[in-house]
Structures are given as structure tokens and as C-alpha cells.
1. Can you compute log10 of I(q)/I(0) for segment 1-71 with the Debye formula, treating each Cα as one identical point scatterer, at q = 0.11, 0.14, 0.17 Å⁻¹?
2. Using only Cα atoms, locate the centre of segment 132-176 and the centre of segment 103-131, then give the distance between them in Å, rounded to an integer.
3. How do Glu53, Glu202, Glu18 stack up against each other in accessible area, from largest to smallest, with a 1.4 angstrom probe?
4. Within a Cβ distance under 11 Å of Phe148, other residues only, what is the Lys/Arg minus Asp/Glu net charge?
5. What ³J(HN,Hα) values, in whole Hz, does the Karplus curve 6.51 cos²θ - 1.76 cosθ + 1.60 give for segment 124-141 when θ = phi - 60°, with x put for Gly and Pro?
6. In what order, largest first, do Thr65, Thr180 sit by accessible area if the probe radius is 1.4 Å?
7. Along segment 100-113, what does the Karplus equation 6.51 cos²θ - 1.76 cosθ + 1.60 (θ = phi - 60°) give for ³J(HN,Hα), rounded to whole Hz, x for Gly and Pro?
8. So for the chain, Kirkwood radius off the Cα pairs, Stokes-Einstein at 10 °C and 1.306 mPa s: how many µm² s⁻¹?
Amino acid sequence: MKVDTKKLKWLRAPEYYEISEEKIVVVTEPYTDLWQRTYYHFRNDNAPVLQMETNEKYFSFVVKTEFDTKVRYDQSGIVMYLDSENWLKASVEYENSQIQRLGSVVTNNGYSDWSSVDIDPSIKSIWFRLSRRGDDFCIENSTDGLNFKQMRICHMFNAKDTISFGIYACSAENSSFKATFTDMEITECKWIAHDGQQPDDE
């Protein structure tokens with residue numbers, strides 16, 4: 001099902017953006033980011049986030065992001081933002097002329113963690129897929145929109161019923177760039193149920 005862009009709602013809208021049925025364009029503003037405490041010991045919670053709500057427990061959300069990143073920590077991707085201390089995101093984050101970070105951040109109860117792999121800085125577009133099974137989530141990426149690779153499986157302690165999810169883009173340092181989001185759709189859950197060891201009784 002194609003995402004109805006009219007149903008998306010801003011949390012901290014940027015000064016410049018465009019929304020149509022086919023694409024969303026965001027121009028980032030300097031010193032905007034999402035991070036909580038861990039390692040850096042600071043808290044950043046001012047990135048623009050554009051989301052929709054659902055109480056559906058099993059689904060997948062796919063989006064393609066294209067980005068003209070050029071300064072350290074420029075990033076764009078998917079997000080599930082519940083509140084300032086509980087959220088997850090996945091993005092391509094510019095580091096320098098040699099590498100970018102393809103990674104994900106999971107923030108539970110006010111502490112963020114970051115897992116990433118280095119990719120070539122010439123990559124300027126990627127698809128992300130976020131899948132939900134109850135209060136567990138899977139993040140994947142693809143370079144062609146067809147073949148997805150797993151990045152992360154995580155549990156979100158506060159994702160009990162209704163959640164908000166969508167897209168974001170930000171520039172943590174003194175920078176600005178254009179991020180374009182297309183091919184947004186919601187499908188049946190592509191993260192299939194585990195067929196190995198049976199769950200423990202809880």
C-alpha cells in the first residue's frame with residue numbers, strides 16, 4: 001500500500017521542505033540531530049521527523065532516500081520516534097571523503113547505541129525497510145529496492161500499542177543538504193516468524 005503523504009505529521013518541521021504524492025524533500029538545518037547520552041554524554045533531540053501512526057502489530061515500511069551529504073554527521077533515513085528517550089533510526093551518515101557509516105541507532109529509556117559498517121562515500125541513495133512484530137523490530141537496507149540485507153533486530157520497551165514511524169534528515173554540525181524520499185509503502189510484514197527454537201514461556 002502506497003503511503004498517503006497527507007497523513008504524515010511533522011515533529012519539528014524544517015524551514016524548507018516539499019511534500020507531494022510522489023516524493024518528500026527535506027533541506028536540513030545546521031546542528032540538528034537525534035542522540036541520547038551514551039559515550040558523547042550529551043543529548044540532542046531537535047531533528048525534524050515526519051511520521052504516521054499505527055496500532056498495527058505486524059507490518060513493514062519501505063522508503064528510498066537520496067542524499068547530497070558532504071559534512072560529517074549529515075544523515076537521512078527512517079525513524080520510529082516514540083518520545084525523546086525512546087526511538088530508533090537507520091541512516092547513511094557522512095563521515096569524510098573516504099567513508100560513510102551505514103548504521104542504526106536504538107534508544108531505550110534515554111540511552112542510545114550505534115551499530116554501523118563503513119560504505120563507500122560515492123553511494124548517494126539507499127532503501128530502508130522497518131518491520132514490526134509486536135514490540136520487536138527489524139531494520140534492513142537495499143541498494144536496489146528488491147534485495148534487502150538485515151542490519152538490526154531490536155526490542156523497544158515502550159512500543160506497546162500505537163507507534164509513530166516515518167522519515168528524518170539532519171545535520172549535526174554546521175551543514176545543510178537536501179534529502180529526497182520516494183517509493184514509500186507499507187506492506188504485510190516481510191520479517192517472517194522464526195521457525196527454529198520455540199519461544200520460552202514467559
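1. -0.37, -0.60, -0.85
2. Result: 8 Å between the Cα centres.
3. On the way: Glu53 140, Glu202 215, Glu18 80 Å².
From most accessible down to least: Glu202, Glu53, Glu18.
4. Net charge around Phe148: +1.
5. Coupling constants for segment 124-141: 10, 7, 6, 9, 10, 10, 10, 10, 10, 10, x, 9, 10, 9, 10, 10, 9, 9 Hz.
6. These residues rank, largest area first, as Thr180, Thr65.
7. 10, 10, 8, x, 9, 10, 10, 10, 10, 6, x, 10, 9, 10
8. Details: Rh = 17.0 Å.
D, rounded to a whole number, is 94 µm²/s.
The values are calculated or read from the model by the stated rules, or taken from the named source; none is laboratory data. Since we're looking at a predicted model, the values are computed, not measured. Methodologically, a virtual Cβ is constructed for each residue, glycine included, from the backbone with ideal geometry; neighbour enumeration extends over all protein chains shown. Calculation scope for accessible area: heavy atoms of the full protein, side chains included, ligands and nucleic acids excluded. Shrake-Rupley method; radii C 1.70, N 1.55, O 1.52, S 1.80 Å.
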